[in-house]
Amino acid sequence: MPFSRGLHLGLAAAVAIGCRSGSPPSAPAALSDSDLAAIRTADSTFMATVNAGDVDAVVAVFANDAVLLPPNAPAQRGRTAIRTFWGGLLKTHTLKLEVGSDTLEGRGDLAYNVGHYRFTAVPKDKAHPGMADEGKFVGILKKQPDGSWKHAVYMYNSNLAGLR
């Protein structure tokens, strides 16, 4: 019986320690007005840099380990792959991009942005007709150590038949 009593005392002590009163872990704080403004700035910067054809500035809005999920293409993982994707498009086309946020929420150092886009892409060689698209996107953003917000995951797809 000494073993059984020792086992019961040990379990009772473990339960008592585990049930000790204390404050429960707090939920991450809601996004501040400055966080919301910084996230909106990240979106407007993305739009402006795409429209300017500045691949370095486009890539800069993504976190180092970001994932871009374009339609009809494999996931582009990391800034090098994202640079290749956007660099190829910006080298061959002049883009006009408009984005709008429909829902922007988050807590702590994570946020999500759901919105809509519209763009035109005109080939620079003018040998082919341009194209237009409109659709929706979701971006997951992460606050960086310097306080900026960068896209960690970005996915978009078309609303138009034939374009996905």
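Just so you know, all these numbers are worked out from the coordinates, no wet-lab data involved. Computed from a prediction, not measured in an experiment: that's the story for all the values here. Counting neighbours? That spans all protein chains shown, and the Cβs are built from the backbone with ideal geometry, glycine included.
It is to be established whether one or more residues within segment 122-139 are surrounded by 15 or more Cβ atoms within 10 Å (Cβ to Cβ), in contact (Cβ under 8 Å) with a residue 12 or more places away in the chain and either among the hydroxyl-bearing types (Ser, Thr, Tyr) or touching a helix residue (DSSP H, G or I) at 6+ places or on another chain (Cβ under 7 Å) (or both). Checking segment 122-139: not a single residue is surrounded by 15 or more Cβ atoms within 10 Å (Cβ to Cβ), in contact (Cβ under 8 Å) with a residue 12 or more places away in the chain and either among the hydroxyl-bearing types (Ser, Thr, Tyr) or touching a helix residue (DSSP H, G or I) at 6+ places or on another chain (Cβ under 7 Å) (or both). Of all the residues in segment 42-73, those that are under 15 Å from TYR156 (Cβ atoms) and surrounded by fewer than 16 Cβ atoms within 10 Å (Cβ to Cβ) number 3. Scan segment 99-108 and give yes if some residue there is more than 24 Å from ASP33 (Cα to Cα), hydrophobic (A, V, I, L, M, F, W, C), in contact with a strand residue (DSSP E or B) (Cβ under 6 Å, 6 or more places away or on another chain) and not in a loop (DSSP other than H, G, I, E, B), otherwise no. Checked segment 99-108: no residue is more than 24 Å from ASP33 (Cα to Cα), hydrophobic (A, V, I, L, M, F, W, C), in contact with a strand residue (DSSP E or B) (Cβ under 6 Å, 6 or more places away or on another chain) and not in a loop (DSSP other than H, G, I, E, B). When segment 91-114 is limited to residues that are free of Cβ contacts under 8 Å to residues at least 40 places away in the same chain and in contact with a Gly (Cβ under 9 Å, 6 or more places away or on another chain), the one that is nearest to GLY147 (Cα to Cα) turns out to be TYR112. Going by the structure shown, is PRO70 within 16 Å of ILE140 (Cβ to Cβ) and either in contact (Cβ under 8 Å) with a residue 12 or more places away in the chain or of a type outside the set (A, V, I, L, M) (or both)? Criteria met by PRO70. Going through (1) touching a Leu at 6+ places or on another chain (Cβ under 9 Å); (2) farther than 29 Å from SER26 by Cβ; (3) assigned to a strand (DSSP E or B) one by one, ASN113 falls short only on (2).
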